[in-house]
Amino acid sequence: MPDTSQPTIAPTLVIEGPDALAFAQNQFSSDVSAVATGTWRFSAWLDAQGRVRNFFHLARLGPDRLLLLLRGGSADSMSHELARFVFRARLSMHVGEPQVIDTGAARPMHEVHQEGDTIQFGCGNHSLVLSNQDGADNRWRAKQVEAGWPWLPDPLLGKCLPPALSLHRLGAVSLEKGCYPGQELVARLHYRGGNKRQLCRVGLSQPVPAGTLLTSASSNTSVQLLDVVSTDHGIEALALCPVDAAGTAAPLLTGHAGSAVTATWQESWPA
């Protein structure tokens, strides 16, 4: 479970130059061309099998300048892997300066505001503030778990399919734009079905580390935990649950590290 008393480091990647938007449009799963300057949208970088390598906020800070705030993973690793596909594109890529993510005041959804080195991502009832200020907190995590915005632990990078993370609901995948890595699989799952996991919010009887797979021997059901947070209502988590089990009223009794853990479904979201 993340230490909510410690600030979260913001993994950011900047892509800028005359070909920055075209490059991002060809690589990422959302319609980057539709992102207006001063706004952000969810997006993802998929592998050839359609699995999510990285999930992120994609902000357009200027006509030819993009900032990616990764929701899990390393900006250094993503930059290194993306560089293999740049070829002759006129752009530069660099990892952002170390900053922390703080909880800011309410700001309109998808709005981006930059003032000096501080950048605010509007999230409706709160904002994410990237800054160098001391005293940052992680209260935003509970708000985003409630909203169903996944944060991917390292062991699950490159393992999850977009429908399981509800990326279509979040606008992070496009079915209309041209080809991008994994696009065929995205379309196939959308139109023909076959996805076996669904994004859910569950309540836990005790703290469990993010990335843990909870399995019940009695029901042969497993729940893959993503982000785990402490809220005013107890311990809550975003998790990948079997589609046929999501929404069940029966709690899942499992074991972890020798202790009994109960997971109770609270909410689920469509693919």
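The values are calculated or read from the model by the stated rules, or taken from the named source; none is laboratory data. Only a predicted model underlies this, so the values are computations on that prediction, with no experimental measurement involved. FYI the Cβ positions are ideal-geometry reconstructions off the backbone, even for glycines, and counts take in every protein chain you see. Areas reflect the complete protein model, heavy atoms only, side chains present, ligands, DNA and RNA absent. Shrake-Rupley method; radii C 1.70, N 1.55, O 1.52, S 1.80 Å.
Residues checked against (1) on the phi < 0 side of the Ramachandran plot; (2) of a type in the set (A, V, I, L, M, F, W, C); (3) open to solvent by less than 20 Å² (accessible area, probe 1.4 Å):
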| residue | (1), (2), (3) |
| --- | --- |
| 126 | yes, no, yes |
| 141 | yes, no, yes |
| 158 | no, no, no |
| 167 | yes, yes, yes |
| 201 | yes, no, no |
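Within segment 26-45, the set of residues being over 14 Å from residue 122 (Cβ atoms) and out of contact with any Phe, Trp or Tyr (no Cβ under 7 Å at 6 or more places or on another chain) comprises 31, 32, 33, 34, 37. Checking the stated criteria, residue 259 turns out not to satisfy the condition of being touching a strand residue (DSSP E or B) at 6+ places or on another chain (Cβ under 6 Å) and either among the polar types (S, T, N, Q) or at pLDDT 95 or above (or both).
Of all residues in segment 194-212, none that is free of Cβ contacts under 8 Å to residues at least 40 places away in the same chain has its Cβ atom under 9 Å from the Cβ atom of a residue that is aromatic (Phe, Trp, Tyr) and surrounded by fewer than 22 Cβ atoms within 10 Å (Cβ to Cβ), 6 or more apart or on another chain.
On the given criteria, is residue 196 open to solvent by 70 Å² or more (accessible area, probe 1.4 Å) and at pLDDT 95 or above? Spelling it out, it is not the case that residue 196 is open to solvent by 70 Å² or more (accessible area, probe 1.4 Å) and at pLDDT 95 or above. Selection of segment 172-187 for residues being closer than 15 Å to residue 41 by Cβ and open to solvent by 40 Å² or more (accessible area, probe 1.4 Å) yields only 176. Of all residues being assigned to a loop (DSSP other than H, G, I, E, B) and in contact (Cβ under 8 Å) with a residue 60 or more places away in the chain in segment 98-125, which is nearest to residue 148 (Cα to Cα)? Just the residue, please. Across segment 98-125, the extreme among qualifying residues is 110.
Show the residue pairs that are 6+ apart or on different chains and have beta-carbon atoms under 8 Å apart, the first residue being within segment 29-44 and more than 22 Å from residue 190 (Cα to Cα) and open to solvent by 10 Å² or more (accessible area, probe 1.4 Å), the second being assigned to a strand (DSSP E or B) and not charged (D, E, K, R). Close Cβ pairs (under 8 Å, with a partner that is assigned to a strand (DSSP E or B) and not charged (D, E, K, R)) amount to 37/61; 37/62; 38/61; 38/112; 38/113; 39/59; 39/112.
You will find that of 185, 128, 175, 167, the residue that is in a helix (DSSP H, G or I) and not β-branched (Val, Ile, Thr) is 185 and no other.
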